[in-house]
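Each remark here refers to the structure printed beneath this line.
The values are calculated or read from the model by the stated rules, or taken from the named source; none is laboratory data. Note that the coordinates shown come from a computational prediction; the quantities given were computed from them, not determined experimentally. Virtual Cβ from ideal backbone geometry, glycine too; neighbours counted across all protein chains shown. Note: areas computed on protein heavy atoms with side chains; ligands, DNA, RNA excluded. Shrake-Rupley method; radii C 1.70, N 1.55, O 1.52, S 1.80 Å.
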Amino acid sequence: MRPWHPTAEQLDALAKLWQLGQGDSSGEKAAAKLLLGLYNGRRFPFDLTDLRLLDEANLARALLVLEMDARPRQEVHELLGMIFQHPRGHFGDEFEWRAYELRLKGRTKKAFLPERARLCPVERV
């Protein structure tokens, strides 16, 4: 079997979905939840009908990322750490923080949250 490497197009799609997923619109939240599902599908299950919230370009990106992650050699949080040159080498804390911001009730575990979540909790509306 040949070693697998994500394509530049797949990595670009992953980076753009991550950036999109930082917003608060329904499509932006769908992008975040999709990536959270790839990060840890048991803790952050993703409803496939939420793909309908993405516009055509972002749906195409999501499908590229799903194809890339179908047989992963490297996890999405590790790939994002490499893409954005995260000091820890992975985006685990960033995923936990985003899940906390999205208030995924019962899914975000306090022990996994980065220190900033404990210091400045998200205000409840």
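Can you tell me which residue in the range 44-72 is farthest from GLY21 (Cα to Cα), limited to those that are touching a Gly at 6+ places or on another chain (Cβ under 9 Å) and in contact (Cβ under 8 Å) with a residue 40 or more places away in the chain? Filtering the range 44-72 for residues that are touching a Gly at 6+ places or on another chain (Cβ under 9 Å) and in contact (Cβ under 8 Å) with a residue 40 or more places away in the chain, the one farthest from GLY21 (Cα to Cα) comes out as PHE44. Taking the range 45-77 as the range and being touching a Ser or Thr at 6+ places or on another chain (Cβ under 9 Å) and more than 17 Å from ALA8 (Cβ to Cβ) as the test, the residues that pass are ASP50, LEU53.
Screening the candidates LEU79, LEU104 for the property of being of a type outside the set (D, E, K, R) and assigned to a helix (DSSP H, G or I) yields one hit, LEU79.
A search for C-beta distances below 6 Å between a residue of the range 1-15 that is more than 13 Å from LEU35 (Cα to Cα) and assigned to a helix (DSSP H, G or I) and any residue that is open to solvent by less than 70 Å² (accessible area, probe 1.4 Å) and modelled with pLDDT of 90 or more, counting only pairs 6+ apart in sequence or on different chains, returns GLN10/LEU64; GLN10/MET68. Residues in the range 31-68 that are part of a helix (DSSP H, G or I), of a type outside the set (A, V, I, L, M, F, W, C) and surrounded by fewer than 20 Cβ atoms within 10 Å (Cβ to Cβ): THR49, ASP50, ARG52, GLU56, GLU67.
Please go through the range 1-14 and give me each residue that is in contact with a Lys or Arg (Cβ under 6 Å, 6 or more places away or on another chain) and surrounded by 18 or more Cβ atoms within 10 Å (Cβ to Cβ), ordered by number. First the steps, then the outcome.
Going through the range 1-14, the residues in contact with a Lys or Arg (Cβ under 6 Å, 6 or more places away or on another chain) turn out to be 4, 13.
Once the filter is applied, which keeps residues that are in contact with a Lys or Arg (Cβ under 6 Å, 6 or more places away or on another chain) and surrounded by 18 or more Cβ atoms within 10 Å (Cβ to Cβ), the range 1-14 yields only ALA13.
Among residues of the range 16-33 that are at pLDDT 95 or above, those with a beta-carbon under 8 Å from a residue that is surrounded by fewer than 23 Cβ atoms within 10 Å (Cβ to Cβ) and of a type in the set (S, T, N, Q) at least six positions away or on a different chain give the pairs LYS16/ASN58; LEU17/ASN58; LEU20/ASN58; GLY27/ASN58; GLU28/GLN22; ALA31/ASN58; ALA32/GLN22.
Scan the range 15-30 and give yes if some residue there is more than 25 Å from LYS105 (Cα to Cα), open to solvent by 40 Å² or more (accessible area, probe 1.4 Å) and among the polar types (S, T, N, Q), otherwise no. No, the range 15-30 has no match at all.
Between LEU48, LEU53, LEU80, the distinction of being modelled with pLDDT of 95 or more and either at positive phi or touching a helix residue (DSSP H, G or I) at 6+ places or on another chain (Cβ under 8 Å) (or both) belongs to LEU53 only.
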